[in-house]
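Structure first, then comments.
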Amino acid sequence: MTLDPGTVEPSFHEHVFLGADHAQSERKTWAVIWLCAAMMCIEIVGGLLFGSIALVADGLHMSTHAGALLLAALAYTYARRHAANANFTFGTGKFGDLAGFTSAIVLAMIAILIGYESVTRILAPIQIHFAEAIPIACVGLAVNITSAWLLSGGGHHHGHDHGGEHGHDEAHSIATPSGDLILEVFEESVPPRFRLRAAVGPLPAAETTLITTVRPDGTQQVFTLAVHGDFLESQAVIPEPHAFTVQIKIGADSYTTVFEEHGHGHGATGRDNNMRAAVIHVMADAAVSVLVIVGLLLARAFGWLWMDPLAGIIGACVIASWSYGLIRDTGAILLDRIPDSRLARDLRTTIESDGSTLADLHLWRLGPGHLGAIVSVCPKDGRSADYYRAKLARFPALSHVTIEIQKS
């Protein structure tokens, strides 16, 4: 096979692949840093003035918290300032993932240190000054809750992904003389097929029902149906994309409806791991503060001094779990792992829907909400790179696409 050099996409266009909320996230992170810095100064100065070493210690702890957030803020600022720098071949969108990976390592170290200190205190208990420790823990919790509220405004969170949702009109109601029917494209963990149900009235006979799809280019495909329980299902799989006019023939009657592809929502593709890392830092501190307060209250009420270090061990396990998830996700992005296997399958289906062959595919994340793709195609009937680029235009997450046409 030989490569047609005239079909490779030019490299002199803009490569800015920052997240849609980049500027807002940068401002929020700096605001939280100033909040933490102010609280740090108040605690350290207050502790020195009133002779409270616990207050000074909590202020120094707040400084490490501010330092972790500073890493996220600097990543936002650097990525924005150098977004158009041609020396970064694929832009600066991954700076957030690099900062997130680094923050995850720091979180893991913090979890180890908290766990070590907690075990040490179980083996060798120390006297706890409840009158100072409990109010300080409550103040720290209040600051962490405020920080989390500031950072998470706008929908950012550290929770788990729920996977991408394949976008199309899920169900279409069709009114017939015998009652309403519901037509949908069903593809939950199975290849996509038409399903026809009766909303009101009887289900039509499979042998007298046909579905025909008419695509924008005029291509038609006929689907026969078979009975599956309380619905009819097409025997053939529906090829991508799912954008077509559907003609349903039931006996002598015909009905028409339109399915429109609305794109693919891929949660992992658009997630801002830099903001996620910042929120995890704050939530980790908040979780530890809650556990510490509970442990201190129980220790004071019942004399269970071991409750305080036990709370520390539980907090260390929680932080370690969050750290592992962040390391796993950001590490995969930094190593250019395919960010969405389903999207990769959809790209292949789209390219090969006209008889062409996808010889090679590279798909990776450039930044929050931005994917890069290199597509090598053995075309049918001498089709051009522009033809395949137009076919892939329905995937909004593809921000940088290179098409290679291979000739025999």
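Just subtract the alpha-carbon distance of N85 and Q220 from 0.36 nm times their residue separation and send over the number in nm, one decimal. If you can, show how the numbers build up before the last one.
Values: separation 135, 0.36 × 135 = 48.60 nm, distance 4.74 nm.
Here the segment from N85 to Q220 would lengthen by 43.9 nm.
Using only the C-alpha atoms of the range 305-360, find the volume of their convex hull and express it per residue in Å³.
Per residue, the Cα convex hull of the range 305-360 comes to 68 Å³.
Under a crude label model (7 Å from the Cα following the beta-carbon direction), how far is L297 from Q247 in nanometres?
Calculated label separation equals 7.0 nm.
Accessible area per residue of the range 270-408 at 1.4 Å probe, in Å²?
42 Å²
Between C138 and V318, what is 0.36 nm times their sequence separation minus the Cα-Cα distance? Round to one decimal in nm.
The span from C138 to V318 would gain 62.8 nm if fully extended.
Modelled label-to-label distance, I105 and T349, 7 Å Cα→beta-carbon offset: nm?
For I105 paired with T349, the spin-label model returns 4.0 nm.
For a protection proxy built on the mean count of beta-carbon atoms within 10 angstrom, sort 91-97, 144-150 highest first, please.
Working: 91-97: 25.1, 144-150: 18.9.
Top to bottom by mean Cβ count within 10 Å: 91-97, 144-150.
Would you please give the FRET efficiency between L70 and W306, computed as 1/(1 + (r/R0)^6) with r the Cβ-Cβ distance and R0 = 35 Å, to the nearest 0.05?
0.50
Per 5 Å bin, what is the whole-percent P(r) computed from every C-alpha pair distance within the range 332-385?
4, 19, 27, 21, 14, 10, 4, 1
Any chance you could run the full-extension gain for Y116 through V45? It's 0.36 nm times the residue separation minus the Cα-Cα distance, nm to one decimal. Display every interim value, and only then the final one.
Working: separation 71, 0.36 × 71 = 25.56 nm, distance 2.90 nm.
Computed gain between Y116 and V45 is 22.7 nm.
Mind ordering 382-394, 72-84, 280-292 by average Cβ neighbours within 10 Å, highest first?
280-292, 72-84, 382-394
Relative contact order (percent) for the range 185-232, with alpha-carbon contacts under 8 angstrom and 6 or more residues of separation?
Once divided by the residue count of the range 185-232, the mean separation gives 33 percent.
So for the pair W149, V237, with labels modelled 7 Å out along Cα→Cβ, what separation do we get in nm?
Label at W149, label at V237, 5.1 nm between them.
What is the pair-distance distribution P(r) of the range 318-408, computed from all Cα-Cα distances in 10 Å bins starting at 0, with each bin given as a whole percent?
Binned Cα distances yield the sequence 15, 44, 24, 11, 5, 1.
Please list, in order, the residues from the range 171-188 whose amide nitrogen is less than 20 Å from a point placed 7 Å along the Cα→Cβ vector of D230.
Only 171-176, 178-188 pass the distance filter.
Return P(r) of the range 59-111 (all Cα-Cα pairs; 5 Å bins starting at 0; whole %; ordered from short to long distances).
In order of increasing distance, the bins hold 5, 20, 23, 20, 14, 9, 6, 3, 0 percent.
Could you tell me what percent of the accessible area of the range 283-372 is made up of carbon and sulfur, with a 1.4 Å probe and every protein chain present?
Values: 2550 of 4010 Å².
That fraction is 64 percent.
The values are calculated or read from the model by the stated rules, or taken from the named source; none is laboratory data. The structure displayed is predicted, hence computed values, not measured ones. Quick reminder, even Gly has a Cβ in these numbers, built from the backbone with ideal geometry, and neighbours come from all protein chains shown. These area figures cover heavy atoms from the full protein model, side chains too; ligands, DNA and RNA do not enter into them. Shrake-Rupley method; radii C 1.70, N 1.55, O 1.52, S 1.80 Å.
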